[in-house]
Amino acid sequence: MSKPVKTIRKIAGSEPIVAALVLGSGLSAIGDLLEDRIAIPYAELNGFPGAGVSGHGRDLLIGTMAGKRIAILTGREHYYEHGNAAAMRPALETLAELGTQTLLLTNSAGSVDERFRPGDLMLIADHINYAGMNPLIGEATDRRFVNMVDCYAPELRDKSKQVAERLDIGLGEGVYLWYSGPSFETVAEIQMAIRLGANAVGMSTAPEVILGRFLGMKVWACSSITNMGAGLSAENISHEHTKAMAVAGAEKLSKLIPALVEEL
Ligand code: HPA
């Protein structure tokens with residue numbers, strides 16, 4: 001048993017965790033939805049996200065959502081923080097060891113498609129790994145050759161669309177293109193993303209999807225659109241703007257995610 005697993009079991013008990021939820025920039029309010037919540041600072045868990053990025057939380061939360069035992073990572077570690085695409089591997093491996101079979105990922109993203117406006121949600125149907133980095137580089141076993149077809153579980157996408165319709169939340173599907181960041185994109189890079197078939201761009205999530213599939217988890221991911229990509233609107237793109245605009249998406253995700261968890 002790994003050290004973080006021991007620590008988590010000691011503090012929060014050893015009942016299996018059904019699903020893990022990773023919160024993106026400005027989305028940490030979703031953590032308030034957990035009942036009987038236990039917070040464990042990342043600092044107490046070897047390998048969990050380090051110093052971090054403003055707008056991200058620094059705790060692992062364990063509690064109940066829709067009657068199910070859920071873990072929430074209130075903040076993630078990004079490739080752009082140090083150049084390690086596998087930064088989330090220890091945390092996700094810990095969750096897998098705790099029995100987690102479903103990984104729910106959220107992020108803030110820039111839209112490159114008029115169908116998705118700031119404040120909207122975009123259900124991720126597939127991604128383009130344009131950062132060109134892979135968290136499984138260095139993995140020495142044949143398990144590294146992960147099949148990425150349907151890596152965003154079709155049954156979870158269908159369930160979330162049904163739930164969104166019932167709750168009257170708009171939830172179109174799209175392709176997420178991973179740019180490494182941390183600088184935002186140039187106008188030409190956004191035009192390229194459009195030509196490549198992307199609907200939104202962001203600086204996270206894709207490596208976690210690869211890791212989640214590697215660990216045998218079912219993966220679901222949703223973007224909260226905070227801005228139009230560079231050059232597509234007159235507004236100025238900044239991290240402050242991203243955090244401020246994430247509020248509308250967080251409100252929708254706060255309704256959508258518990259309803260989806262209920263269906264797991
Ligand atoms: N680009 C990349 N990442 C982002 C953006 C963006 O425009 N908005 C929020 N995260």
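The values are calculated or read from the model by the stated rules, or taken from the named source; none is laboratory data. Bear in mind that the values here come from a model prediction, so they are computed numbers and not experimental data. Glycine also receives a Cβ, built like all others from the backbone with ideal geometry; neighbour counts cover every protein chain displayed. SASA here: full protein model, heavy atoms, side chains in, ligands and nucleic acids out. Shrake-Rupley method; radii C 1.70, N 1.55, O 1.52, S 1.80 Å.
With respect to the conditions (1) small (G, A, S); (2) within 16 Å of the ligand (Cβ to nearest atom); (3) surrounded by 14 or more Cβ atoms within 10 Å (Cβ to Cβ), S54 falls short on a single one, namely (3).
Would you be able to say whether some residue in region 75-86 is open to solvent by 40 Å² or more (accessible area, probe 1.4 Å) and among the small types (G, A, S)? Yes, the conditions are met somewhere in region 75-86. Going by the conditions given, is G67 over 20 Å from A250 (Cα atoms) and either more than 13 Å from the chain's Cα centre (by Cα) or free of Cβ contacts under 8 Å to residues at least 60 places away in the same chain (or both)? Yes, satisfied.
Looking at G31, G75, G55, just one residue is assigned to a helix (DSSP H, G or I) and under 18 Å from L253 (Cα atoms), and that residue is G31.
Would you be able to tell me the number of residues in region 58-84 that are away from the ligand (no atom under 16 Å from the Cβ) and either of a type in the set (S, T, Y) or farther than 14 Å from F48 by Cα (or both)?
The first filter runs over region 58-84 and keeps only residues away from the ligand (no atom under 16 Å from the Cβ), leaving 58-74, 82-84.
Checking the rest, the ones that are also either of a type in the set (S, T, Y) or farther than 14 Å from F48 by Cα (or both) come to 62-70, 74, 82-83.
The number of residues fulfilling the criteria is 12.
Consider L45 carefully, then state whether it is within 18 Å of the chain's Cα centre (by Cα) and crowded, with 19+ Cβ neighbours inside 10 Å. Lay out the reasoning, then the answer.
Working: within 18 Å of the chain's Cα centre (by Cα): no; crowded, with 19+ Cβ neighbours inside 10 Å: yes.
Answer is no for this residue.
Of all residues in region 89-108, none satisfies being within 23 Å of K252 (Cβ to Cβ) and part of a loop (DSSP other than H, G, I, E, B).
Can you tell me which residue among A188, A206 is at pLDDT 95 or above and in contact with a strand residue (DSSP E or B) (Cβ under 7 Å, 6 or more places away or on another chain)?
A206
Scanning region 91-147 for residues that are over 17 Å from the mean Cα position of the chain (by Cα), of a type in the set (D, E), away from the ligand (no atom under 16 Å from the Cβ) and open to solvent by 50 Å² or more (accessible area, probe 1.4 Å) yields E97, D142. Residues that are away from the ligand (no atom under 16 Å from the Cβ), touching a residue at least 60 places away in the same chain (Cβ under 8 Å) and over 18 Å from L264 (Cβ atoms) within region 10-31 comprise just one, A29. Across region 170-190, which residue is nearest to G110 (Cα to Cα) among those that are away from the ligand (no atom under 11 Å from the Cβ) and of a type outside the set (V, I, T)? Checked region 170-190; the qualifying residue nearest to G110 (Cα to Cα) is G174. Here T7 fulfils each of the conditions (1) touching a residue at least 24 places away in the same chain (Cβ under 8 Å); (2) more than 25 Å from A206 (Cβ to Cβ); (3) in a loop (DSSP other than H, G, I, E, B) apart from (3).
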